[in-house]
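S.K.: Below you will find the structure I want to go over with you.
Values in this text are rule-based calculations from the coordinates and carry no lab data. These figures come from a predicted structure and were not determined experimentally. Glycine gets a Cβ as well: all are built from the backbone with ideal geometry, and neighbour counts include every protein chain shown.
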Amino acid sequence: MAEPPQTLALAGLILLNLLLTAAALYLNVRRVLRARRRAQQQQQQPLPQQPVPEAAAREPPAPEEGEGEEQADEGGREKQQQQRRRRRARRRRQQHDGEGAEGGGDARAAAPSAKAAGREGKAAEEESLLPRRPQFPLASVAGALQRRINARYDDLARASEARCLTIEQVNEFLNCLTDARNELLQRCESVQRSFKIKKAMLSNHRNYRSSYDRLFDQVCRLEAERDNLKKDAAIYNYIQERLQKSVPYKMIMELSAMEMEAPEISFEELLAKEKEDTAFWQPNGKMRSISSK
């Protein structure tokens, strides 16, 4: 037989195991009971109503079969009546427009012509005004002449915008343009002559490599200078055309034409012509007396 202390220890362990298992069973039973109570409480509570969408709430209740057919017939009749009313209104408008077109046709035709005339007048005024100076005008001209042209042109543009352009300003600018034209012609002639000579030398097969490269660079520079001269000539022509549309330039041309039309006459011919005029020699019906000293 086992000793008494050992049996007591085994009995204690067995009791401890029994207590632990009983506690675990108690906890499990308590959890199950709590879950059942919660389920019963949820079943007893009323279910929340689902929110009805606005579109479904606004829709009227579906009518019965007989009522639906009657409403469809009434809707078709209303549509037909609306279409008839629209047709009548269109006919009345067409008749009214036809009557008004007979009386107001002339006024409507005159209105676009007046607008077109106003647009043409504005376009003519804008063309008569001188635009602002280009950024680099007449780059091939000498520095002093270029500065003088820029200053004169700026004065002309400001005076043209203020509508106080005078004949003196236009005449001074024309003189500057004449000097610029003469200088451009001289540069163009010299560039053309040098270009022909260098191109002929470049076509010579006896040239060495160094001389060929040097001539090729010179020809390229001459071509670039010729292109600049073409651009300056285009700018000169553009400024000349814009200047010809101004009123002072037209007055200068009219005065020069009058001077060209006036015949050249000597003093003796003028004196003989004045002697033939009797009104000059007989003022107030009396003969002038010439006293000789």
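S.K.: Between SER256 and ALA224, what's the calculated FRET efficiency when r is the beta-carbon distance and R0 is 45 Å? Round to 0.05.
M.R.: 0.70
S.K.: Run the quick spin-label model on SER190 and SER211: label points 7 Å from Cα toward the beta carbon, then report their separation in nm to one decimal.
M.R.: Each label point lies 7 Å from its Cα, and together they span 2.5 nm.
S.K.: Per-residue HN-Hα couplings for the stretch 265-273, Karplus 6.51 cos²θ - 1.76 cosθ + 1.60 at θ = phi - 60°, whole Hz, x for Gly and Pro?
M.R.: 9, 7, 5, 5, 5, 5, 5, 5, 5
S.K.: Stretch GLU241-ARG30 to full length: gain in nm at 0.36 nm per residue minus the Cα-Cα span?
M.R.: 64.9 nm
S.K.: Still on this model: Full extension from LEU19 to LYS275: what is 0.36 nm times the residue separation minus their Cα-Cα distance, to one decimal in nm?
M.R.: 75.6 nm
S.K.: Taking the Cβ of ALA24 as the centre, find all other residues whose Cβ is under 15 Å away and add up their charges (Lys, Arg: +1; Asp, Glu: -1).
M.R.: Every neighbour counted, the sum reads +2.
S.K.: OK, next. Nearest 0.05, what FRET efficiency do ASN171 and ALA142 give at R0 = 30 Å with Cβ-Cβ as r?
M.R.: The pair ASN171/ALA142 has a calculated efficiency of 0.90.
S.K.: Please report, for the Cα atoms of the stretch 131-248, the Rg to one decimal and the Dmax as a whole number; what are they, in angstrom?
M.R.: Just the Cα atoms of the stretch 131-248 yield Rg and Dmax of 18.9, 65 Å.
S.K.: Please compute the length gained on full extension between GLN81 and ASP97, using 0.36 nm multiplied by the number of residues separating them and subtracting their Cα-Cα distance.
M.R.: Separation in residues times 0.36 nm, less the Cα-Cα distance, equals 3.3 nm.
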